[in-house]
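The next block holds one structure in the form of structure tokens; read it before the comments.
The values are calculated or read from the model by the stated rules, or taken from the named source; none is laboratory data. Everything numeric in this text was worked out from a predicted model, so none of it was measured. Cβ placement follows ideal geometry from the backbone for every residue including glycine, while neighbour counts extend to all protein chains displayed.
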Amino acid sequence: MKTRTYTELIQLPDFESRLDYCKTYGKVGKETFGYDRYLNQLLYRMPEWKKVRRDVIIRDQSCDLAHPDHEIHPHGYKYKILVHHLNPITKEDILNRADCVLDPNNLVTVSYDTHQIIHYGYAEQTRPTVVERKPYDTCPWRT
């Protein structure tokens, strides 16, 4: 498997290409470091993680897959801003504080839904479509 990088990701012009680039084709219930909740808690409470997470969100301007047309508006768990590792990390990576865990070139801002798609995919018929927005398109009485 080829190593993914943020540097390569942002060269892709559209959201769908970025999504395809990030997909891991994982399976629900397959063991990952997330299986060991204590490791999640260790990692996500580290001051170093909090700083790099903040820096990545700022760098990506709170945009899904760092795509400027896909700003994330956090409200509720499904719209939480997440920071995703482009290359999966292991328990050993966390325990040994491997560089890949905190490397901004291995991290990108994503929404909850995008994170689910990256890890678990979806059926072609349920693929989300992007609707082009127009001024006042949600206000039918304005033209």
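Could you please give the count of residues in the stretch 95-120 that are closer than 20 Å to S17 by Cβ and part of a helix (DSSP H, G or I)?
10
Please verify whether Y44 is under 20 Å from P104 (Cβ atoms), in a helix (DSSP H, G or I), of a type in the set (S, T, Y) and at pLDDT below 95, treating the condition exactly as stated.
yes
Considering only the stretch 25-41, state which residues are at pLDDT 60 or above and loosely packed, with under 13 Cβ neighbours inside 10 Å.
Those that are at pLDDT 60 or above and loosely packed, with under 13 Cβ neighbours inside 10 Å: Y25, Y35, R37, Y38, Q41.
Considering only the stretch 76-94, I want to know if a residue exists there that is farther than 23 Å from K2 by Cβ, hydrophobic (A, V, I, L, M, F, W, C) and in a helix (DSSP H, G or I).
No, there is no match, as no residue in the stretch 76-94 is farther than 23 Å from K2 by Cβ, hydrophobic (A, V, I, L, M, F, W, C) and in a helix (DSSP H, G or I).
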